[in-house]
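Where a number appears in this text, it was derived from the coordinates with a stated rule and is not lab data. Since the structure is predicted, the reported quantities are computational estimates derived from the model, not experimental observations. Cβ coordinates were reconstructed from backbone atoms using ideal geometry, including for glycine residues, and neighbour counts include every protein chain displayed.
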Amino acid sequence: MRIFDPHIHMTSRTTDDYAAMHAAGVRALVEPSFWLGQPRTSPASFYDYFDSLLGWEPFRAAQHGIAHHCTLALNPKEANDPRCTPVLDALPRYLLKDNVVAVGEVGYDAMTPAEDTALAAQLQLAREHGLPALVHTPHRDKLAGLHRTLDVLRESGLPPEHVVLDHLNETTLGAASDSGCWLGFSVYPDTKMDPERMIRILRVHGTDRVLVNSAADWGHSDPLKTRHVGDAMLAAGFGEDEVDQVLWRNPVAFYGQSGRLVLDSAPPEGQSYEGNSILRGGE
């Protein structure tokens, strides 16, 4: 089983997680920029973080045979802090980088006017740079947040096929599917979706335009949830081709719209990053 995790925050994970993911079949991933838990107080902290997603994390992933790409954005939560909004002016130079395959995560947290502004501005950046957009639907008032998101998307002129609406559930599936956008589902141990609910959705909706991810952030999460969904699909009677479509071909098709996917992860032997090989006791 080959797996492309289309949304996973590896900054919050260990090298043991990378090893376990490779053993489970993960060969590629996309890491969206997100809120780090501790509020950032200046744009410079974003730039260091973006640089790590463009350099250090791809190197760390490659040590375990996994191709790493990223999406960059001012996230919805910190869009409300005026100290952080200058990031919007710096994003264009980062969106030119080869490893950036979408603008994201953008969307809503508390559905404020500041979030309206940041979402509209970043969807425009996606259009200008020919990139897809990874849209975060809010954790609270989810259906209202989705409808508000769809209004802004229509105003942006970004084609629906260039958008994935993430963190969906049974409440938002119908409207999201009708929009023509791609459908993203985050699978967690206790919250959001679980493998059994995902199976029920796949039986009703089918496997087209569906992206399943493990997200795997700082809280209680599991970077192997994509594999668990694949195993659950097989146990439920889905074929291997359907599993491959959901866990590999769909994310390749969506992020492939960027023209920047490179699925060969192997670094030259002996390579280091900024003098650090990650290896211990070797060199």
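The figures follow:
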item: Within region 157-218, percent of DSSP bridges classed antiparallel, to nearest 5; result: 10
item: Leading residue at positive end of dipole, the chain (Cβ point charges), from 14, 120, 73; result: 120
item: Length released on extending from residue 260 to residue 175, taking residue separation times 0.36 nm less the Cα-Cα span; result: 27.6 nm
item: Highest-first arrangement of 236-245, 30-39, where packing means the average Cβ count within 10 Å; result: 30-39, 236-245
item: Counting DSSP beta bridges with both ends in the chain, the antiparallel % (nearest 5); result: 5
item: Anisotropy class of region 1-71 from Cα gyration tensor, a/c 1.5 cut; result: prolate
item: Charge dipole magnitude, Cβ of K and R +1, D and E -1 - region 3-258, Cα centre, debye nearest 20; result: 100
item: Too-long pairs where the Cα-Cα distance tops 19 Å, listed order kept, from 77/225; 142/225; 77/142; result: 77/225; 142/225
item: FRET efficiency, 1/(1 + (r/R0)^6) with R0 35 Å, evaluated for residue 240 and residue 155 via beta carbons; result: 0.25
item: Coil-residue trypsin sites (Lys or Arg not before Pro) of region 1-79, DSSP, other Cβ within 10 Å capped at 16; result: 2
item: Order of 217, 16 under a 10 Å beta carbon neighbour criterion, fewest first; result: 16, 217
item: FRET efficiency for residue 220 and residue 80, using Cβ-Cβ distance with R0 set to 35 Å, rounded to 0.05; result: 0.85
item: Dipole axis of the chain (+1 Lys, Arg; -1 Asp, Glu on Cβ), positive-most option in 63, 183, 30; result: 183
item: Residue-count net charge about residue 177 - beta-carbon cut-off 11 Å; Lys, Arg +1, Asp, Glu -1; result: -1
item: Segment residue 44-residue 190, extension gain: residue separation times 0.36 nm, minus the distance between their alpha carbons; result: 49.1 nm
